[in-house]
Amino acid sequence: MKMFQVGLAPRVSALYGVNFVGTGLFLPFFPVILANRSYSVTEVSFALAIGTYAKITASPFLTALSDKTGLRRLSICFYSLMGMAFLALFAFTSSYVLAVVAVMGLMVCWAPIVPLADGYALDVVRQTGAPYGRMRLWGSAAFVGGTVLAGWLMMPHTEMPYLAGILGSMVATVLVAGTLPPMRNPEREAREASEAAHAADKKPAVFRQPWFLALVTLIGLSQAAHSAYYAFSTIYWTKTGVPEHLMGPLWSVGVMAEILLFLFAARLPAWLTPMRLIIIGTAGSVLRWALFTHVQDPAFIVLVQTLHGLSFGAVHLGGVALIAQAVPMRWSATGQSLMATSTGFLTATATWFSGPLYAAAPAFAFYAMSVMAALAFVCLLLLARHPGFRARTAG
């Protein structure tokens, strides 16, 4: 049993790693792939936004189904296989409409994987004591690897090597997920069976609390402030004269800051609660997007990119911890998915509007992101004082 426990955390780390290689390929460079097909800025932002809307509609249902059945590992395998089919459709179609359908399908299939992995990882934390941050950091490290790999796979006249890299990530996700054992806890199962018999509505009661809805909305708003960055940063840097070979490293700097936070998360002082992490991270987001278009020298861009450790890393780490405190263990993946759904919906909306703003002037899009983060910051300060929130998340 001890060998099983020792080997489990590295396998979860590997699951994050192989999945996030594909994310590292997709996020920075997929807008460029779309633009290389001669789609306009509006068409690019529409394809990404509609794909995001599709995934946020489907993700809560897909993760809830996996939570109810307990088949998280098999669900990860199935969704990855379906994603491969949509990736193939994208690769071999020349139609914009079919390309949008393929992007939608790919993003829908990808959406539940990280919440399901988070739910599984949190079970591992409870059973073995393995630090969540140290498992999750391998996803961030792999994201860096994916962005660097993308620089090698992006070819002037063909997108096939790049798409093959994403395919390889999905294949590896299936293989690694298949090695994970089911997480069984007889005491927990007996307790939850008793709870289900006496309180069949416990799940909706938790998820309908006003403070909980406010929490996932504000986390989503804070994370959605990255939407212009995800959609247009590579395009913007290219147009301002940053060499193409620096794109991957510039993205990587931000993720390295995130990795450092995850690495030392277990050593953070007790006063730095999950909510305070989210608030500090959101403040970093306000500053980051306000400065984004004012720095064009690569050396200064690197400094601004380090704020990613706050704007994304701190908000994500705090959000996962708060959801874990607030949601019953049985529904942990669903809780994480609701946070991801909020982030996705607001990111899609912000992406949609950032397209016209960016077309008018790139600075307008990034200033709008800073305003979004500022709104989230103020509301989070108010939520932290809410009696319902404080009672549920105390300790």
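Of the residues His157, His226, His245, His386, the one with the fewest other Cβ atoms within 10 Å heads the list, and the complete ranking is His157, His245, His386, His226. If you wrap the chain in the convex hull of its Cα atoms and look at it from every side, the mean projected area works out to 18.3 nm². Computed from backbone phi with θ = phi - 60° and the Karplus coefficients 6.51, -1.76 and 1.60, the 3J(HN,Hα) list for the range 7-17 is x, 6, 4, x, 6, 5, 4, 5, 4, 4, x Hz; x is used for glycine and proline. Charged side chains reduced to their Cβ positions (Lys and Arg at +1, Asp and Glu at -1) give the range 205-394 a dipole of some 680 debye around its Cα centre. GNM, the chain, Cα, under 10 Å: largest mean-square fluctuation among Thr93, Thr63, Thr334? Answer for the Gaussian network model of the chain: Thr93. The string of couplings for the range 91-97 from the Karplus curve (6.51, -1.76, 1.60, θ = phi - 60°) is 5, 10, 10, 10, 8, 5, 4 Hz, one whole number per residue in order, with x for Gly and Pro.
Note on the chain: helix-only mean residue ellipticity at 222 nm, from DSSP H runs of 4+ residues weighted -39500 (n - 2.57) and normalised by residue number, equals -27000 deg cm²/dmol.
Taken over the range 205-394, the convex hull of the Cα atoms encloses 113 Å³ per residue.
When the Cα positions of Ile113, Ile33, Gln325 are compared along the charge dipole of the chain, Gln325 comes out farthest toward the positive end, with charges on each C-beta of Lys, Arg, Asp and Glu. GNM on the chain, alpha-carbon springs under 10 angstrom: the most fluctuating residue among Gly146, Gly178, Gly335 is Gly178. If only the Cβ of Lys and Arg carry +1 and only the Cβ of Asp and Glu carry -1, the dipole of the chain around its Cα centre is close to 960 debye. Charges on Cβ only, +1 for Lys and Arg, -1 for Asp and Glu, centred on the Cα centroid of the range 10-183; of Ser94, Ala177, Ile166, which one is farthest towards the dipole's positive end? Ranked along the dipole, the leading option is Ala177. Computed over the range 10-183, the P(r) curve from all C-alpha pair distances, binned at 10 Å from the origin, holds 10, 38, 35, 14, 3, 0 percent per bin.
Using only Cα atoms, tell me the angle between helix 332-360 and the longest principal axis of the chain; keep it within 0 to 90° and round to the nearest 10. The angle comes out near 20 degrees.
Calculate how steeply helix 227-239 sits against the longest principal axis of the alpha-carbon atoms of the chain, using the helix alpha-carbon long axis, and give the answer as 0 to 90 degrees to the nearest 10. The helix 227-239 is inclined about 30 degrees to the chain. Note on the chain: dipole from Cβ charges, positive end direction compared against Thr128, Gly22, Ser370; the farthest Cα belongs to Thr128. Rounded to the nearest 10 degrees, the inclination of helix 362-383 to the longest alpha-carbon principal axis of the chain is 20 degrees.
The calculated FRET efficiency for the pair Thr42 and Thr240, based on their C-beta separation and a Förster distance of 22 Å, comes to about 0.55. Phi angles of the range 293-303 translate, via the Karplus equation with coefficients 6.51, -1.76, 1.60 and θ = phi - 60°, into HN-Hα couplings of 8, 9, 10, 10, 6, x, 5, 6, 4, 4, 4 Hz per residue; Gly and Pro are given as x.
Every number here is computed from the coordinates shown, using simple stated rules; none is lab data. Keep in mind that this is a model prediction, so the values were computed, not measured. Glycine also receives a Cβ, built like all others from the backbone with ideal geometry; neighbour counts cover every protein chain displayed.
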